Amino acid sequence: MRASAYAAFTARTFQTRLAYRNAVWAAAFGDLVFIFARIAIWVSVYGAAAGTTVDGVSLPEAITYAVLAGPVLYWDFSRLVNEVGNAVQTGDVAVMLLRPLHYPAYLLASHLGNFAFQLLLIVLPITIVVGLTYGLVPPASPFHGLAFLAFWGLSFAMLFSLATLAGLLAFWLMTVFALEWFLMSLMTLLSGGLVPLWLFPGWLAAIAGHLPFAWVSYYPSAVYLGWLDPAQTLVYFAIGLGWLGVLLSGLAWLWSRARHRLIVQGG
């Protein structure tokens, strides 16, 4: 199937999300309340003293990290997991096998539309509101700003791969409730999206810092804020690409197994 067909899936998903305007406002308001609650915690930790740092991190950096590691990088992957699970339970996934498309590629195209919707209509307004209210730190340097964009793309690909892997396990479990909960728990603990890795005990930070979850939120944010020098940035980007290669290989293998399992169930 031509690339234009996959682009049509992206546009259709974006338009579908846009049609439910009340849901847009509700999602934006909910995320705004959540990010302000996180910022309030950081403000209470730092206190009223100007220039205070915690483990070498200033309050403006902590606020910027909360915005980056939260709504900017941590998109709603539960939609992806549930879409695969529902398709398996209803049998709609069998229709996908009759079409001239690659199912994981279709999921990628579709959820690029979700990502674009969330970025433009939820994340961007929240970032502007937080920036006007508290102020946000700019990238540490032009290099770190450009590197952040590369890490952002890697972050999306990493989270997409993890979510799709979890969703495809529904071919064996026939449900995604536990899978979604398990992945969300791992992401909450190990990605640095909720609690930065620098606050972890040393042994746990060392483990979490070498797992693929950290490339979703922590490392892109750390690059933006200049916590990694250029050499470290390139090294961690290369490691992230290695993890992504492993995940994509696992995804290709699992999909090939899932297709055979689907044929057995339908036969």
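Of note:
- Separation of alpha-carbon centers, region 53-78 and region 190-267, rounded to whole Å: 17 Å
- Average accessible area per residue (Å²) across region 1-130 - probe 1.4 Å, nucleic acids and ligands excluded: 50 Å²
- A helix-only calculation puts the chain at -23500 deg cm²/dmol for mean residue ellipticity at 222 nm, using -39500 (n - 2.57) for each DSSP H run of at least four residues, averaged over all residues.
- Of the residues Ser185, Ser161, the one with the largest accessible area comes first in the ranking Ser185, Ser161, computed with a 1.4 Å probe on protein heavy atoms.
- By accessible area, using a 1.4 Å probe on protein heavy atoms only, the chain has 71% of its surface on carbon and sulfur.
- Relative contact order computed over region 28-81 (Cα-Cα under 8 Å; 6+ residues apart), in percent: 35 percent
- 5 Å binning of all Cα-Cα separations within region 1-146, expressed as whole percents from 0 upward: 2, 8, 14, 17, 15, 12, 11, 8, 6, 4, 2, 1, 0
- Residue separation of Ile128 and Tyr20 scaled by 0.36 nm, minus their Cα-Cα distance, works out to 36.6 nm of gained length.
- Sequence-distant contacts, meaning Cα pairs under 8 Å at least 6 residues apart, place the relative contact order of the chain at 26 percent.
- Per residue accessible area of region 183-228, 1.4 Å probe, in Å²: 35 Å²
- Only the Cβ atoms of Lys and Arg (+1) and of Asp and Glu (-1) were treated as charged; on that basis the dipole of the chain about its Cα centre amounts to roughly 800 debye.
- With only the Cα atoms considered, the chain has a convex hull volume of 140 Å³ per residue.
- Only one residue of Ala214, Leu204, Ala109 has its Cα farthest out toward the positive end of the dipole of the chain, where Lys and Arg carry +1 and Asp and Glu -1 on Cβ, and that residue is Ala109.
- Selection from Tyr65, Thr90, Leu32, by position along the positive dipole direction of region 27-149 (Cβ): Thr90
- In Hz, Karplus ³J(HN,Hα) per residue of region 129-139 (6.51, -1.76, 1.60; θ = phi - 60°; x = Gly, Pro): 4, 5, x, 6, 7, 10, x, 10, 7, x, x
- Table column - 3J(HN,Hα) (Hz), region 213-221, Karplus curve with 6.51, -1.76, 1.60, x for Gly and Pro: 4, 5, 7, 7, 10, 5, 5, x, 5
- In degrees, nearest ten, helix 142-168 long axis to first principal axis of the chain (Cα): 40 degrees
- Against the chain, whose longest principal axis comes from its Cα atoms, helix 21-46 is set at around 40 degrees.
The values are calculated or read from the model by the stated rules, or taken from the named source; none is laboratory data. Because the structure is a prediction, the values reported are computed rather than measured. Neighbour counts are summed over all protein chains in view; Cβ atoms, including those assigned to glycine, are modelled from backbone coordinates with ideal geometry. Calculation scope for accessible area: heavy atoms of the full protein, side chains included, ligands and nucleic acids excluded. Shrake-Rupley method; radii C 1.70, N 1.55, O 1.52, S 1.80 Å.
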